[in-house]
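First comes the structure, then the notes that go with it.
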Amino acid sequence: MNKALIIGSGLGAMTTAMRLASRGYKVQMVEKHHQPGGRLNQLKKDGFTFDLGPTFFSMTYEFEEFRKDVGLEKLPFTFRDLDVLYSVNFRGSDKRYVIYRDLDKLAEEFEEVEPNFREKMDKFLTSAGKFFHDTEYLVLKRNYDSLFQYLMTLLRVPVKYSPKLLRSVWSEMERHFESREVKEIFSLVAFFLGATPFDTPAIYTILSYTELVHDGYHNVVGGMYKIVDGLKKELDKAGVEMHFNTEIVDYKQSNGEITAMVDQNGNEWEADLFVVNADAAWFRHQIFKRKKFDEPKMDKLKWTLAPFTMYLGLDTKLPDHVPLHNYFLGDNFKEYSGKIFKNAIKLEKPYYYVNVVSKSDPESAPEGCESVFVLCPVPDMRFKPDWSDREEVANSIIDDISKRIGVDVSKHIVSKTVMTPVEWRDDFNLYKGSGLGLGHDLDQIGGFRPKNYDEKFGNVFYVGASTVPGTGLPMAVISSKLVTERITKKYGSVHT
Ligand SMILES: Cc1cc2nc3c(=O)[nH]c(=O)nc-3n(C[C@H](O)[C@H](O)[C@H](O)COP(=O)(O)OP(=O)(O)OC[C@H]3O[C@@H](n4cnc5c(N)ncnc54)[C@H](O)[C@@H]3O)c2cc1C
């Protein structure tokens, strides 16, 4: 028992492949896209380089844990600490709030709108931090063999935290802060999870703690895709074979085990065990055709918002008041949040995020130019299946940016690529274009999330955003740790 086939090559897959290879498994990977990385991908066009999805992350120590686990002397990429996390502008105002990691500087930014900001923020972060440290190992970083085991584990979480399970991120903000600006800005963490602060449990305020206190925010020198380039080199050294433009569409089984996965050309990929990095719910729905994951049931699940993304090459530099990471918010936060999932919003007044990667990595754009990534969370294709208005939506965002930064962006575009939920669905098999996979509602996390082992086939496992523990880059790395634990518990290491 030593041959593993991994389906997909996202971060969860690449880190699992390294972990298994370091334990003596012979690993092959098949990927439907033309290059590795999954959502952590890269677009090179017209002399510009763009990161396709992720632009920053926290919890770098999960990568360190991975490095030690696989016996690498150093990680094959370099983190960059961000002292300015991001800037935020509200529609109708010229003010730009700069979110510093340094809490004293941060307090200065908000002193006019939120009296005693520092005290209130300290209290808020202490509460989030205590919850984080009391649950990180107890609940988050572990496998569950049954729902019962998960529920029993929850009983061990100190009772004082129960209100955090019942409250939303927004109500937690209301308990600590008064100003609209502070409440809206620090509840943006819910959008990082692909939802809104009104429907995300308050436990996720731990993200504010990890970003401002515990580990901070980071990107990667040379662009986020350096993570994938670096891991690919290590996988090559470890003898892991990767096959691109290869999509698994079917399977062969015998005696309760999968014997081979079948690709779009009818080729059979045999192995002793299989790790699925395609979305864990989508694969059960689309490939295994499980009743529990049929379309009506999939549609009833809570999916994260879909991405509408743009990659703009500009033949000019943007002013200093547009730093690396920027959020542009409107003036109707509650109303917008309430309607965004269901396509009841007007996309001519969008809320969006702008990343100017050439500000930190100038080589991503030609001299005197800028590489700009725009991400606008939109309804998934259950609620808005038709994206034939893509140009209209793109132009309304470009007009809005232009007004708010004081540069007519449309006059400077020399490269433009738009991805709607349709392309995100088709390129990476994301269910109805949902960008971050399954949502993180209480009934969809831990023991309630699709498991990282298959219900029917004993030699099939899952890794990635829609299985445990959840979405985001550090979670994908934790997910690879959890699935490797499962596999080695069952099959052992091949050599010692
Ligand atoms: C627009 C956007 C912005 C984001 N920003 C951030 C951020 O700033 N910070 C952060 O931490 N996270 C961010 N995320 C989330 C992060 O990208 C994901 O959580 C993470 O990359 C998921 O990794 P994964 O291991 O689940 O694999 P995925 O990235 O989902 O990769 C799965 C791979 O499987 C392949 N595949 C699927 N089906 C098949 C099949 N049948 N056969 C063969 N191959 C198949 C897919 O093509 C894909 O390459 C963002 C996501 C998006 C979409």
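Among Phe192, Ser493, Ser364, whose Cα lies farthest out toward the positive end of the dipole of the chain, if unit charges sit on the beta carbon of Lys, Arg (+1) and Asp, Glu (-1)?
Going by the Cα projections, it comes out as Ser493.
State the Kirkwood hydrodynamic radius of the chain in Å, one decimal place, computed from all pairs of distinct Cα atoms. Don't skip to the answer; put the middle values down first.
Values: mean 1/r = 0.0429 Å⁻¹.
That comes to 23.3 Å for the chain.
Determine the sum of side-chain charges near Ser58: Lys and Arg each +1, Asp and Glu each -1, restricted to other residues whose C-beta is under 12 angstrom from that of Ser58. Don't skip to the answer; put the middle values down first.
Details: positive: Arg101; negative: Glu62, Asp81, Glu211, Asp215.
Taking every Cβ under 12 Å from that of Ser58, the sum is -3.
Which distance in Å, rounded to a whole number, links the C-alpha centroids of segment 266-287 and segment 124-141?
Result: 34 Å between the Cα centres.
Which value, in debye to the nearest 20, describes the size of the charge dipole of segment 120-213 about its Cα centre when Lys and Arg Cβ atoms bear +1, Asp and Glu Cβ atoms bear -1, and nothing else is charged? Could the numbers behind the result be given before it?
Values: 12 positive and 11 negative charges, 62 e Å.
The dipole magnitude comes to about 300 debye.
From the Cα gyration tensor of segment 100-252, with a ≥ b ≥ c the square roots of its eigenvalues, which class applies: rounded if a/c is under 1.5, or else prolate if a/b is larger than b/c, or else oblate? List each step's numbers first, then the result.
On the way: a/c = 2.36, a/b = 1.46, b/c = 1.62.
It comes out oblate by the Cα gyration axes.
May I ask you to list the trypsin sites (Lys or Arg not before Pro) in segment 252-307 that are in a DSSP loop and have at most 15 other Cβ atoms within 10 Å of their Cβ?
Working: sites: Lys252, Arg284, Lys289, Arg290, Lys291, Lys292, Lys297, Lys300, Lys302; in loops: Lys289, Arg290, Lys302.
Filter output for segment 252-307: Lys289, Lys302.
At what distance in angstrom do the alpha carbon centres of segment 226-258 and segment 418-482 lie from each other?
A separation of 17 Å, based on Cα centres.
Quickly work out the Lys349-to-Phe244 label distance, labels modelled 7 Å from Cα along the C-beta direction, and quote it in nm with one decimal.
4.4
What does the highest-first list of 136-148, 26-38, 169-181 look like by mean Cβ count within 10 Å?
Working: 136-148: 14.5, 26-38: 20.9, 169-181: 18.8.
In decreasing order of mean packing, 136-148, 26-38, 169-181 become 26-38, 169-181, 136-148.
Per-residue ellipticity at 222 nm for the chain, helices alone: DSSP H runs ≥ 4 residues times -39500 (n - 2.57), over residue total, nearest 500 deg cm²/dmol? Walk me through the intermediate numbers first.
Details: 18 runs with 166 residues, N = 496.
Mean residue ellipticity at 222 nm (helix-derived): -9500 deg cm²/dmol.
Sorted by average packing, counted as other Cβ atoms within 10 angstrom per residue and highest first, what order do 200-209, 483-492, 108-117 take?
Numbers: 200-209: 23.3, 483-492: 17.9, 108-117: 15.7.
Result, highest mean Cβ count within 10 Å first: 200-209, 483-492, 108-117.
Placing unit charges on C-beta atoms (Lys and Arg positive, Asp and Glu negative, everything else neutral), compute the dipole magnitude of the chain about its Cα centre in debye, rounded to 20.
Roughly 1540 debye, rounded to the nearest 20.
Count the net charge of all other residues whose Cβ sits under 14 Å from the Cβ of Lys44, scoring Lys and Arg as +1 and Asp and Glu as -1.
On the way: positive: Lys45, Lys226; negative: Asp46, Asp51, Asp229, Asp361, Glu363.
Computed value for this residue: -3.
Taking a 26 Å limit on the Cα-Cα distance, which of the listed pairs Lys123/Lys183; Lys3/Lys252; Lys123/Lys300 fall beyond it? Could you put the intermediate results ahead of the total?
Numbers: Lys123/Lys183 14 Å; Lys3/Lys252 16 Å; Lys123/Lys300 37 Å.
Those over the limit are Lys123/Lys300.
Got a sec? Charge dipole of the chain, +1 on Cβ for Lys and Arg, -1 for Asp and Glu; which of Asn267, Phe177, Gly433 is way out at the positive end?
Of the options given, the answer is Asn267.
Provide the percentage of antiparallel DSSP beta bridges, counting only those with both residues in the chain; round to the nearest 5. Provide the component values of the computation, followed by the final result.
Details: 49 of 69 bridges.
Expressed as a percentage, antiparallel bridges in the chain total about 70.
Count the net charge of all other residues whose Cβ sits under 15 Å from the Cβ of Glu114, scoring Lys and Arg as +1 and Asp and Glu as -1. If you can, show how the numbers build up before the last one.
On the way: positive: Lys95, Lys105, Arg118, Lys120, Lys123, Arg175, Arg180, Lys183; negative: Asp104, Glu108, Glu109, Glu111, Glu112, Glu119, Asp122, Glu174, Glu178, Glu181, Glu184.
After counting each charged neighbour, the total is -3.
Could you pull out the trypsin sites (Lys or Arg not before Pro) across segment 331-373 that fall in loop regions by DSSP (anything but H, G, I, E, B) with no more than 15 other Cβ atoms inside 10 Å? Walk me through the numbers before you get to the answer.
Numbers: sites: Lys334, Lys339, Lys342, Lys346, Lys359; in loops: Lys342, Lys346.
For trypsin sites (Lys or Arg not before Pro) across segment 331-373 that sit outside H, G, I, E and B with at most 15 neighbouring Cβ atoms in 10 Å, the list reads Lys342, Lys346.
Find how many whole Å separate the alpha carbon centroid of segment 68-94 from the alpha carbon centroid of segment 370-393.
Going from one Cα centre to the other spans 25 Å.
Where a number appears in this text, it was derived from the coordinates with a stated rule and is not lab data. Please read these numbers as outputs of a predicted model, since none were measured by experiment. Here Cβ is always computed from backbone atoms with ideal geometry, including for glycine, and neighbour counts include all displayed protein chains.
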